[in-house]
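For reference, the structure is listed below as structure tokens.
The values are calculated or read from the model by the stated rules, or taken from the named source; none is laboratory data. A quick note: this is a predicted structure, and the numbers were derived from the prediction, not measured. No Cβ is skipped: glycine too gets one built from the backbone with ideal geometry, and neighbour counts run over all protein chains shown. Please note that ligands, DNA and RNA were not included when accessible areas were found on the heavy atoms of the full protein model with its side chains. Shrake-Rupley method; radii C 1.70, N 1.55, O 1.52, S 1.80 Å.
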Amino acid sequence: MRQETRARDRRVSRRVAAAIFGATFAVYLRTLAPSITWRNQGADSGDLVTAALTGGVPHPPGYPLYTTLAQFAAAIPIGASAFRVNVLSAGCAALAAVAVFWIARALIFRSTWRVGIAAACAGAFAFSPRLWSQATIAEVYALNALLTAAILGGILFWRESPCARWLAALAFGLGLAHHPTIVLLAPGAMLLLWRRVTWRAGLGALALALAIALALDLTLILRAASDPPINWGDPRTLDRWAWVISGALYRNFIFGVPIADYPARVLFIAQSFLDQFGVLGMGLALFGAFTLARRARRVGLAFGATFLAYGGFTLGYASTDALVYLIPADLVMALWIAVGCGALAEALIPHGRWVALMLGVLISSLPLGNLAGNFAALDLSNDQTAREYGRAVFATLPPDALIVADHDPYVFALGYARYVEQPNSRALIVVPGLLAFDWYRAQLQRQYPAWIFPAWTNNGADDFLAALVRANLARYPLYWAEPDAAMERRLVFQPVGNLNQVVGVRH
């Protein structure tokens with residue numbers, strides 16, 4: 001009888017998991033951005049999509065896993081190219097919600113409601129604004145959430161199933177090649193596996209993970225060898241390859257927040273967690289964290305270490321999109337909420353039908369509240385701003401024009417318009433912030449041999465650009481997306497549509 005009950009429970013759970021995927025994926029598709037976007041910290045979407053569709057290398061760490069999967073997604077015969085890549089994010093986020101369901105189901109103690117509670121908490125996570133914001137755009141964080149969930153699940157079930165061990169190793173290897181922050185899972189993983197895993201099994205899994213990561217990262221060399229238009233770092237040499245995969249360009253962001261700003265930033269991060277699950281969710285998460293630490297001390301400590309690792313990293317990371325790095329911490333909170341709900345159900349259900357009904361309404365409000373409360377703000381289905389910007393520029397741009405752009409939203413939107421939507425254009429896009437790198441200057445000269453490029457001097461990008469203008473102004477039309485004061489002192493500009501045309505040189 002017990003085996004029949006377990007078999008029935010597994011069948012029901014599989015159907016619920018399928019329903020979670022179908023429901024969350026449908027909502028994501030309904031709110032999906034139709035193309036590249038500037039919303040939801042998504043300015044990088046233009047760079048990622050363009051690199052994927054042209055066989056290139058996007059900004060560090062190069063994202064070989066994401067760009068490979070994006071190329072497969074782009075083969076889906078629906079919508080525009082960028083829309084197809086956005087679908088990849090929706091699928092990854094929906095699968096991450098399914099993984100949360102299975103993990104939560106296993107963590108809930110003795111409650112007959114565990115399937116329903118796990119489903120509700122998976123839904124609350126799926127429709128939390130942070131994950132949802134990344135599920136509808138071409139970005140790397142939905143895939144990172146899926147890999148995080150796979151690693152946690154694999155480690156939790158390591159002793160019960162050989163498949164779980166290989167899942168953890170595979171996901172960790174893929175994660176290492178996808179985003180460096182996956183290493184923040186290491187403290188929690190070590191707490192879970194310490195003295196429960198033989199050295200031989202542990203080293204074997206680690207070796208597999210490192211081999212997978214290395215194999216994926218080496219594909220960046222093959223991508224760069226074709227000299228694609230998007231080729232950050234041009235990683236055809238070992239030193240440049242290491243520069244790309246290590247994310248060296250952004251090292252100054254790590255612990256870049258002044259210590260004096262930490263108190264305000266702690267409050268800012270705390271408020272962001274409150275925005276994900278509300279006061280009810282926060283209270284249940286605290287109760288669940290306490291319950292988990294009391295009933296399964298090692299798991300509780302591991303989850304706490306994971307939460308603190310991502311929170312600490314975000315606290316000191318000085319970038320405008322730092323909060324998206326908290327999605328794995330949101331995942332941990334969703335699991336804590338599930339444990340808290342399970343403990344409440346265990347304690348309250350025996351007290352009568354009305355108590356159980358009220359508890360059921362309370363738990364159901366978690367996903368439904370997030371869905372209803374966040375839908376309007378996160379609906380990007382009509383967002384065409386970034387795409388229309390690029391289209392408007394190239395609709396009036398003369399052949400062989402040069403465009404100088406130095407802010408990611410403009411640079412990446414123009415790159416998408418130039419290399420994806422206008423592949424026959426001969427326009428040259430120059431990014432002043434990259435001119436200090438020899439690989440970038442060499443790349444421009446290879447791809448645009450007709451242009452006259454001045455020699456680089458230690459005087460910096462402004463002198464280089466001024467010399468470039470003087471050398472080519474009589475031969476080609478030149479434009480700036482957004483000239484700064486230094487350039488306005490050197491050059492004469494005339495507004496033309498969304499750009500500013502160079503019409504003279506100041507003496």
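Do the conditions hold for Ile254, that is, is it closer than 30 Å to Leu218 by Cβ, among the aliphatic types (A, V, I, L, M) and at pLDDT below 95?
yes
Could you list all residues from segment 186-196 that are closer than 16 Å to Ala164 by Cβ and within 31 Å of the chain's Cα centre (by Cα)?
Correct list: Gly188, Ala189, Leu192, Leu193.
State all residues of segment 28-46 that are buried (at least 24 other Cβ atoms within 10 Å of the Cβ) and assigned to a helix (DSSP H, G or I); if no residue qualifies, say none.
Passing the criteria: Tyr28, Ser45, Gly46.
Any residue at all in segment 114-125 that's more than 20 Å from Val332 (Cβ to Cβ), touching a residue at least 12 places away in the same chain (Cβ under 8 Å) and in a loop (DSSP other than H, G, I, E, B)?
Taking every residue of segment 114-125 in turn, none turns out to be more than 20 Å from Val332 (Cβ to Cβ), touching a residue at least 12 places away in the same chain (Cβ under 8 Å) and in a loop (DSSP other than H, G, I, E, B).
Can you name the residue in segment 305-321 that is in a helix (DSSP H, G or I) and touching a residue at least 60 places away in the same chain (Cβ under 8 Å) and is also surrounded by the fewest Cβ atoms within 10 Å (Cβ to Cβ) among such residues?
Result: Gly316.
Mind checking which residues of segment 55-96 are among the polar types (S, T, N, Q) and surrounded by 19 or more Cβ atoms within 10 Å (Cβ to Cβ)?
Thr67, Ser81, Asn86, Ser89
Tally up the residues in segment 388-431 that are in a helix (DSSP H, G or I) and among the hydrophobic types (A, V, I, L, M, F, W, C), please.
Matching residues across segment 388-431 total 10.
What pairs can you find where one residue is in segment 195-224 and under 30 Å from Ala51 (Cβ atoms), the other is outside any helix (DSSP H, G or I) and open to solvent by 30 Å² or more (accessible area, probe 1.4 Å), and their Cβ atoms are less than 7 Å apart, with a gap of 6+ or different chains?
These pairs meet every condition: Ile221/Arg236; Ala224/Arg236.
Scan segment 438-465 and report the pairs whose first residue is within 11 Å of Asp234 (Cβ to Cβ) and whose second residue is assigned to a helix (DSSP H, G or I) and open to solvent by 30 Å² or more (accessible area, probe 1.4 Å), with Cβ atoms within less than 8 Å and a gap of 6+ or a chain change.
Every condition considered, the pairs that remain are Trp439/Arg240.
Looking only at residues in segment 232-280 that are open to solvent by 80 Å² or more (accessible area, probe 1.4 Å) and basic (Lys, Arg), which one is farthest from Gly340 (Cα to Cα)?
Let us first name the residues in segment 232-280 that are open to solvent by 80 Å² or more (accessible area, probe 1.4 Å), namely 236, 238-239, 251-252, 255, 259-260, 263, 267-268, 271, 275, 279.
Then keep just the ones that are basic (Lys, Arg); that gives 236, 251.
Details: Arg236: 51, Arg251: 38 Å.
Here the answer is Arg236.
Answer with yes or no whether Arg165 is at pLDDT below 95, open to solvent by 40 Å² or more (accessible area, probe 1.4 Å) and part of a helix (DSSP H, G or I). Steps first, please.
Values: at pLDDT below 95: yes; open to solvent by 40 Å² or more (accessible area, probe 1.4 Å): yes; part of a helix (DSSP H, G or I): yes.
Taking the combined requirement at face value, the residue satisfies it.
Is it the case that some residue within segment 127-142 is open to solvent by 20 Å² or more (accessible area, probe 1.4 Å), small (Gly, Ala, Ser) and either modelled with pLDDT of 95 or more or outside any helix (DSSP H, G or I) (or both)?
No: segment 127-142 contains no residue that is open to solvent by 20 Å² or more (accessible area, probe 1.4 Å), small (Gly, Ala, Ser) and either modelled with pLDDT of 95 or more or outside any helix (DSSP H, G or I) (or both).
Taking the conditions exactly as written (open to solvent by 30 Å² or more (accessible area, probe 1.4 Å), more than 30 Å from Thr112 (Cβ to Cβ), aromatic (Phe, Trp, Tyr) and in a helix (DSSP H, G or I)), does Phe25 satisfy them or not? Write out each step before concluding.
Working: open to solvent by 30 Å² or more (accessible area, probe 1.4 Å): yes; more than 30 Å from Thr112 (Cβ to Cβ): no; aromatic (Phe, Trp, Tyr): yes; in a helix (DSSP H, G or I): yes.
Here the answer is no, as Phe25 does not meet what is asked.
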